[in-house]
Amino acid sequence: MEKRTDFIPVLLGTDANAYGMARSFYEAYGLKSLAVGKGALVATANSKIVTVMVQEPNLEDDKVFVRTLTEFASKVHAEYGKDKTLLLVPCGDNYIKLLVRNQDQLRNLYRFECIDEALLMRLSLKENFYQVCEEYGFAFPKTDECTFENYKTHRPPFDFPMIIKPSNSVAYWNCHFPKKKKVFVADNEEEYTKILNAIYGSSYKDTLILQEYIPGDDSHMRVMNCYCGSDRKVKLISLGNVLLEEQTPEGIGSYAAIINGYDEELSMRMKNFLESIGYIGFANFDMKYDERDGQYKLFEMNLRQGRSSYYVTAGGFNMVKWLVEDVIDHKDTGLTIADGKVLWTIIPKKVIFKYVTNPERLAEAKQLISEGKFIQSLYFKEDAGLKRTAYFLYNQHHYVKKFDEFFGNKGLR
């Protein structure tokens with residue numbers, strides 16, 4: 001650990017992603033993080049390494065966002081000293097969009113780097129992102145879209161089963177309807193109709209993405225986290241091989257267990273892509289290996305580190321170091337392709353043993369566990385007070401029940 005006292009990490013968000021970043025800052029520099037968010041979430045509650053300082057329900061309003069962060073900077077400088085640099089780290093889709101839109105008003109108060117609004121719009125809406133994939137030769141599932149105006153009559157030009165997901169993830173997050181899931185799979189025409197009626201019966205009125213279903217279980221999924229410096233050069237690339245995704249309705253598509261991977265050819269393709277578009281900051285890619293043609297099919301790009309990104313730090317490549325050395329220290333670190341290996345998880349081992357069906361991945365997981373290379377990002381021994389430990393144990397029990405209840409159910413059931 002390199003002890004630092006010259007800056008304070010300020011996290012935008014209070015979820016598991018924020019906790020993973022706080023843990024990374026603590027392990028790298030012995031620093032405690034401060035968090036600002038719409039509300040307090042249990043992942044960052046009762047912690048010694050991160051304190052939720054502000055809960056503002058209207059934080060997604062641009063004026064409220066700027067005012068809140070301006071007042072917060074003044075408060076922190078008054079308490080900790082004006083010599084402290086405030087390093088601002090968005091930990092959610094909504095927060096990165098807010099920061100991009102309002103970056104000019106915050107640069108005199110915080111240190112951060114991010115893309116401009118034009119590139120944000122090009123990458124954050126899924127239909128735009130697939131156009132970018134086409135431009136740069138990345139494979140992606142056969143994709144169509146429907147709108148609120150045409151969804152009752154529109155049918156995509158490929159067969160069932162198919163994926164149904166929102167183009168605008170922020171708008172979808174804020175809508176509500178019975179049996180809502182983060183992502184749906186429709187196995188037939190009847191399910192397709194019911195899912196679309198349910199979504200468009202809510203406040204969500206943006207585009208929906210319709211995609212062919214790529215065959216294969218969760219072990220065919222891959223996740224890649226990258227950091228691109230302020231010079232628009234890629235500094236860090238880390239691939240993860242997924243064992244299991246979450247199964248809860250709100251968690252489908254989020255990863256529950258990952259073993260670090262390594263693919264130099266894929267990494268260099270991603271490096272060239274990110275540098276070609278002039279990207280800055282953390283980026284997170286979800287993809288699936290398609291055995292039919294031997295290609296990785298890109299699903300989406302998140303303009304931030306992923307919710308599961310602590311697997312990068314757990315594998316021996318603490319991702320906040322690349323951020324700090326770029327934004328605070330202004331060092332050119334060159335390119336690192338992470339090659340460490342650990343089993344990262346947010347679920348109990350017995351869930352992995354029960355539900356991972358890929359024998360090779362399961363054997364690898366058991367080997368890593370036997371070697372002590374097993375990390376649960378929400379359980380940190382140095383932060384394991386009574387309340388956090390009680391929450392963690394409840395959380396693990398909850399996952400056992402939820403996997404038993406929801407495993408394999410990605411329809412409107």
Given the conditions (1) assigned by TED's automatic domain parsing to the domain that holds Lys84; (2) free of Cβ contacts under 8 Å to residues at least 60 places away in the same chain; (3) crowded, with 17+ Cβ neighbours inside 10 Å, which single one is not true for Tyr172? (1)
Only one of Lys152, Lys179, Lys205, Lys165 is on the phi > 0 side of the Ramachandran plot and not assigned by TED's automatic domain parsing to the domain that holds Pro90; which? Lys179
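Results for (1) more than 29 Å from Thr389 (Cα to Cα); (2) not β-branched (Val, Ile, Thr), shown as yes or no for each residue.
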{"site": "Leu31", "(1), (2)": "no, yes"}
{"site": "Ala35", "(1), (2)": "no, yes"}
{"site": "Asn46", "(1), (2)": "no, yes"}
{"site": "Ile49", "(1), (2)": "no, no"}
{"site": "Glu56", "(1), (2)": "no, yes"}
{"site": "Glu60", "(1), (2)": "yes, yes"}
{"site": "Thr68", "(1), (2)": "yes, no"}
{"site": "His77", "(1), (2)": "yes, yes"}
Of all residues in region 205-223, which are in a loop (DSSP other than H, G, I, E, B), within 15 Å of Gly294 (Cα to Cα) and either small (Gly, Ala, Ser) or in contact with a Phe, Trp or Tyr (Cβ under 7 Å, 6 or more places away or on another chain) (or both)? Gly216
Which of the residues belonging to region 89-104 are over 22 Å from Tyr172 (Cβ atoms), crowded, with 20+ Cβ neighbours inside 10 Å and more than 17 Å from the chain's Cα centre (by Cα)? none
Are there helices (runs of 4 or more DSSP H) fully within region 13-119 with at least 1 residues that are farther than 28 Å from Val234 by Cα and not assigned by TED's automatic domain parsing to the domain that holds Ser309? List them. 62-80
Could you check, for region 367-374, whether at least one of its residues is acidic (Asp, Glu), loosely packed, with under 13 Cβ neighbours inside 10 Å and part of a loop (DSSP other than H, G, I, E, B)? yes
Region 382-406, residues that are surrounded by fewer than 16 Cβ atoms within 10 Å (Cβ to Cβ) and closer than 26 Å to Val356 by Cβ: Leu393, Tyr394, His397, His398, Val400, Lys401, Asp404, Glu405
Given the residues Asp286, Asp290, which is the only one that is under 13 Å from the mean Cα position of the chain (by Cα), surrounded by fewer than 23 Cβ atoms within 10 Å (Cβ to Cβ), among the acidic types (Asp, Glu) and at negative phi? Asp286
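Let's see how each residue does on (1) charged (D, E, K, R); (2) modelled with pLDDT of 95 or more:
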{"position": "Asn318", "(1), (2)": "no, yes"}
{"position": "Val324", "(1), (2)": "no, yes"}
{"position": "Trp344", "(1), (2)": "no, yes"}
{"position": "Leu362", "(1), (2)": "no, yes"}
{"position": "Lys366", "(1), (2)": "yes, yes"}
{"position": "Lys373", "(1), (2)": "yes, yes"}
{"position": "Ala384", "(1), (2)": "no, no"}
{"position": "His398", "(1), (2)": "no, no"}
{"position": "Phe403", "(1), (2)": "no, no"}
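To keep it simple, each residue is scored yes or no on (1) more than 26 Å from Pro215 (Cα to Cα); (2) in contact with a strand residue (DSSP E or B) (Cβ under 8 Å, 6 or more places away or on another chain); (3) surrounded by fewer than 22 Cβ atoms within 10 Å (Cβ to Cβ).
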position	(1), (2), (3)
Gly253	no, yes, yes
Asn260	no, yes, no
Ser276	yes, no, yes
Phe282	yes, yes, no
Val312	yes, yes, no
Ile337	yes, yes, yes
Leu343	no, yes, no
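The values are calculated or read from the model by the stated rules, or taken from the named source; none is laboratory data. The structure displayed is predicted, hence computed values, not measured ones. Glycine also receives a Cβ, built like all others from the backbone with ideal geometry; neighbour counts cover every protein chain displayed.
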